[in-house]
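Working notes, structure below.
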Amino acid sequence: MGELLEAAFRLVIVFAAFLTLPLLVGQLEHKVMAHMQSRMGPMYAGGFHGWAQLVADGVKFAQKEEVVPAAADRTVFRLAPALALIPYFVAMVAIPVGPGLVGRDIDAGVFFVLAVMGVGVIGTLMAGWASANKYSLLGAVRQVSQLMAYELPFVLAAASVAMAAGSLGFTDIVDAWEPWWLIWQLPAAVVFFVAGLAELNRPPFDMPVADAEIIFGPYTEYTGLRFALFLLAEYAGIVLLCLLTSVLFLGGWHGPFVDSWVWTFAKAGVLAFVVIWLRVSYPRLRADQLQKLAWQILIPVALAQLLLTGVVTVAW
Amino acid sequence: MSDQSLLSPTGVDLVFALLALVAVASALMVVSTTQIVHAALWLVVSLGAVAGCYLVLTAEFVAWMQVLIYLGAVVVLLMFGMMLTRAPIGPSDDLTGTNRLVALFAAVALTAVLGVLVVDAFGSTMIDVSGEPSSASVMGEALFRHWVLPFEALSVLLLSALVGAIALSKSDEEA
């Protein structure tokens, strides 16, 4: 009974983090983008520097009418947002943020998270197909072709650090981590982060939802709460990617002075800032540039890193 | 666990049976639905239930493999192919092929052969799965020590399939 209660308690904590952290990233994005563009961003909602802007947005979404296109496949259309969002929650359960601070410690944790994250794309595919809209369908097709190209470097980069640590568990990887890995595993870290951005459709990899070309891709026909769920999935994806990168490549809770979960969140926060920074700085990649970047740069770099990691691990 | 009989199922057995039921039922939906994309989505349910079965048998690593490769890649590729070609919303009439009886016969025959084989080989064996979940390291040891030859043979087969695919697409381009 005690064990069950503890497991439930951990799940509740992870769920709370799953709902609040994406909002924090969203608010950060509003403010950082605004200041980089010499604007103020939200200033009124909630009083102090518009801190409640996203809460207000949520209320607005909840009030909107739920529209399902007449020609759409209603069941699949309604199921899609859930399928896009739930994998991110399940993945977050397995990521430790401090020693012992994890929803559920899983033996092959890295593998589990990568596997579950890959399922989310089915939600996007369902949304794109069931909307009965050519822009939605085009967006879904673009999404999958992009994902197919970037899944490989993403997994290879994660495999490199798992090989270096000799384990697929997050806690073991963080325990084995040493500061000089920052240099040794740097190519893998960069490949992982870039490929992760591409998987999340974040600019400059936002061709599947390119508003100037195909409105909002697979999410074009969505309104109200279901649309909000897709947005939440995107920001939950950012949180997940930043946490993953900091745990796998930046040493997680290791830091100067004292090892603490604060370091994990600090590293993830800096990475989230970089995600926003990249959005403001780079124009969108074209289809051919996207494929070129994945197949001709990221995958060879990831393979070379894997080779280097293998040689160093065996020779040490 | 060894003194346990088939007639006194535990909770784990029940979960396994339920998951197997889901897998079989959704597999039937895959072949009987009249909407082609729904067939692919039912396939997701079926393969997911199989992953759940692996999990109940404490083969964690195999279960995550199943999710990563079958749910995350194979089904997504299938749906991608359908959307690129023809995936209408609503029922299509021509989904049932003319050789459905042959297909039914092949399926039943395969099930019979595999069933007989499994029952004959493991019929009365009780395998204790209550211990530690099989970790990735156990899996790796087995794969690269005992099964390294089949593993390498498989990778050569995959490589030749890859080269074949590239050769096919090349000759298409020149024609």
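The values are calculated or read from the model by the stated rules, or taken from the named source; none is laboratory data. Computed from a predicted model, the values in this text were never measured in an experiment. In this analysis, Cβ positions are derived from the backbone assuming ideal geometry, glycine residues included, and neighbour counts consider all displayed protein chains.
Matching residues to (1) in contact (Cβ under 8 Å) with a residue 12 or more places away in the chain; (2) away from chain A (no Cβ under 13 Å); (3) touching a Ser or Thr at 6+ places or on another chain (Cβ under 7 Å):
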| residue | (1), (2), (3) |
| --- | --- |
| B:34 | yes, no, yes |
| B:56 | yes, yes, no |
| B:80 | no, no, no |
| B:85 | no, no, no |
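Inside the stretch A:93-145, residues that are within 11 Å of chain B (Cβ to nearest Cβ), under 17 Å from the mean Cα position of the chain (by Cα) and not aliphatic (A, V, I, L, M) make up a count of 8. Residue count for the stretch A:171-199 satisfying the condition of being at pLDDT below 85 and either among the hydroxyl-bearing types (Ser, Thr, Tyr) or under 22 Å from residue A:120 (Cα atoms) (or both): 1. Confirm whether residue A:73 is of a type in the set (Asp, Glu), more than 14 Å from chain B (Cβ to nearest Cβ) and at negative phi. Considered against the rule, which asks whether it is of a type in the set (Asp, Glu), more than 14 Å from chain B (Cβ to nearest Cβ) and at negative phi, residue A:73 comes out as no.
How about the stretch A:193-296: which helices (runs of 4 or more DSSP H) wholly inside it have at least 3 residues that are touching a strand residue (DSSP E or B) at 6+ places or on another chain (Cβ under 7 Å) and within 21 Å of residue A:30 (Cα to Cα)?
Values: elements: A:211-214, A:224-248, A:261-281, A:287-292.
By residue number, no helices (runs of 4 or more DSSP H) qualify.
Against the list (1) without any contact (Cβ under 8 Å) to a residue 40 or more places away in the chain; (2) surrounded by 19 or more Cβ atoms within 10 Å (Cβ to Cβ), the condition residue A:305 fails is (1). Of the residues making up the stretch A:275-288, not one is surrounded by 13 or more Cβ atoms within 10 Å (Cβ to Cβ) and without any contact (Cβ under 8 Å) to a residue 40 or more places away in the chain. Restricting the search to helices (runs of 4 or more DSSP H) fully inside the stretch B:1-103 and requiring at least 3 residues that are among the basic types (Lys, Arg) and more than 25 Å from residue A:75 (Cα to Cα) gives an empty result.
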